[in-house]
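Here's the structure, in structure tokens; my notes come after.
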Amino acid sequence: MASPSPSPSPTLTKTIPHLFLCFFFIFSCSSTLSFAIRTTISSSIHDQELSRAERLIRSLNLFPRKPVNIIGGVEEQAIHDDDVFVPGKIVEKNFSFLSTLAHNSDPSVDDLGHHAGYYSLIHTKAARMFYFFFESRNSKKDPVVIWLTGGPGCSSELALFYENGPFKITNDLSLLWNDYGWDKASNILFVDQPTGTGFSYTSDDSDIRHDENGVSNDLYDFLQAFFKEHSEFVNNDFYITGESYAGHYIPALASRVHQGNQKQEGIHINLKGFAIGNGLTNPAIQYKAYTDYALDNKLITKDDQESINKMIPQCEQAIQTCATEGGQSCVSAKNQCEGIFDNILSVVGDINYYDIRKKCVGNLCYDFSNLETFLNQKKVREALGVGKLEFVSCRNSRWVDAMKWSGQEKFGAAPTTQFVVNGSQAGSLKSYGPLAFLKVSEAGHMVPMDQPKAALEMLTRWMKGTLTVTTKTHNASPN
């Protein structure tokens with residue numbers, strides 16, 4: 001295997017023959033920005049007393065309760081066929097949620113290719129990565145899309161069942177087809193990563209990844225095995241998508257795939273672009289925007305902003321120290337910069353920091369409890385082949401403007417145009433060359449959940465290369 005790739009260069013987009021899109025969720029103020037400051041995540045953070053932000057994020061992180069490897073008995077047989085860890089092996093099964101679908105729910109799931117499986121990561125001692133794969137409801141020739149949820153450490157099942165997957169969970173734990181699921185336009189993968197999230201697991205602590213190199217190498221190895229298993233999709237276009245802390249994962253994986261293609265390390269992956277939704281990418285830039293955003297939306301006063309902004313220089317210095325020294329300095333930087341967010345919340349009260357139009361209800365400001373309950377049902381675990389393994393729940397454009405690349409100046413001067421869906425304005429779009437930045441109106445942090453129709457339209461146009469095409473009618477693409 002080639003040595004781990006360096007941090008992805010902004011000039012990477014010039015070598016990928018298509019568009020990559022950063023879509024932005026308007027009205028959002030994500031607390032996930034306050035959790036990870038350095039791409040190398042210090043394990044000493046786990047030894048610290050849990051702060052408000054950590055408690056929030058850990059309540060979103062879908063970690064198994066125990067770091068198991070051998071489940072034993074029939075359940076282990078259902079997952080791996082044997083009790084031996086075989087690096088590089090995929091064990092996959094077709095599954096059906098037919099018994100959990102609400103009555104009169106179309107189309108028939110038996111007519112579709114729904115897969116769940118485990119991949120035994122080759123450069124680990126005992127790590128198995130769990131994934132869902134849903135073939136397109138439209139055509140197998142549609143692009144292959146991988147979705148990565150952030151956190152860090154949030155399972156992609158959050159997106160699968162609440163945002164852009166084929167199904168929605170009802171309060172009685174039955175499923176309804178999602179009319180705007182991204183499987184209507186793509187063959188889509190949802191992966192529980194890094195190791196330890198969702199149904200992915202290991203029995204060896206050394207398999208846990210603490211930086212983007214480790215994460216991207218594991219994902220690249222998985223993709224090689226996936227395309228070997230599903231060779232009929234090798235020639236399809238391939239896109240990497242995700243949101244929040246995946247603003248780190250996505251460019252790292254795109255860089256790793258590009259490197260593998262250049263060096264002919266294995267199966268050529270037909271990478272066409274990547275999309276980041278409301279991503280954490282550059283905390284040093286993004287933390288400074290918090291108070292501007294809060295002031296612009298009349299959440300705080302000018303006096304509040306001036307007072308809180310006094311914390312910014314210390315935050316910036318702490319981030320620089322973290323970048324050079326790592327370790328405990330990153331814990332200090334996290335605490336220092338988190339204070340900016342905490343001080344804003346102390347002023348605004350019980351607002352939903354994922355969607356400021358709403359009140360915060362519960363630890364997460366959203367109730368995702370149905371997901372955990374649904375996935376821990378015996379009939380669901382049996383359908384997925386995960387045995388007794390438990391499933392446990394876990395804004396701003398300045399970083400785009402600051403990103404150094406050949407078209408930076410012209411992108412900054414580009415006009416902002418309307419993003420129109422079915423004749424109605426659904427957001428605003430700015431683009432130049434391979435870079436597009438989309439703000440979706442009336443959405444919080446998770447735009448496929450709040451505006452599913454606009455999100456599916458965005459994906460479809462982007463993959464067709466028509467997202468930035470100008471039309472007079474605005475019926476097919478934005479002006």
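Just wondering, is there one or more residues in region 158-176 that are touching an Asp or Glu at 6+ places or on another chain (Cβ under 6 Å), closer than 17 Å to residue 454 by Cα, in the same structural domain as residue 458 (by TED's automatic domain parsing) and among the polar types (S, T, N, Q)? No, region 158-176 contains no residue that is touching an Asp or Glu at 6+ places or on another chain (Cβ under 6 Å), closer than 17 Å to residue 454 by Cα, in the same structural domain as residue 458 (by TED's automatic domain parsing) and among the polar types (S, T, N, Q). A Cβ distance below 8 Å, combined with a sequence gap of six or more or placement on separate chains, defines the contacts here; from region 232-245, residues that are in the same structural domain as residue 160 (by TED's automatic domain parsing) reach residues that are among the aliphatic types (A, V, I, L, M) and assigned to a loop (DSSP other than H, G, I, E, B) in the pairs 234/267; 238/269; 243/446; 244/280; 245/36; 245/280. Within region 271-283, the set of residues being of a type in the set (Gly, Ala, Ser) and in a loop (DSSP other than H, G, I, E, B) comprises 279 only. Restricted to region 372-408, and to residues that are modelled with pLDDT under 70 and of a type in the set (S, T, N, Q), which residue is surrounded by the fewest Cβ atoms within 10 Å (Cβ to Cβ)? Step by step, filter region 372-408, then rank; the result is 397. Among the residues of region 228-240, those identified as assigned to a loop (DSSP other than H, G, I, E, B) and in contact with a strand residue (DSSP E or B) (Cβ under 8 Å, 6 or more places away or on another chain) are 230, 236, 237.
Which one of 225, 246, 275 is of a type in the set (A, V, I, L, M) and closer than 15 Å to residue 192 by Cα?
246
Residues that are modelled with pLDDT of 90 or more and in contact with a Ser or Thr (Cβ under 6 Å, 6 or more places away or on another chain) number at least 3 in the following strands (runs of 3 or more DSSP E) confined to region 155-227: 187-191.
The values are calculated or read from the model by the stated rules, or taken from the named source; none is laboratory data. Being a predicted model, the structure only gives us computed values, none of them experimental. Ideal geometry is used to build each Cβ from the backbone, glycine not excepted, and the neighbour counts take in all protein chains shown.
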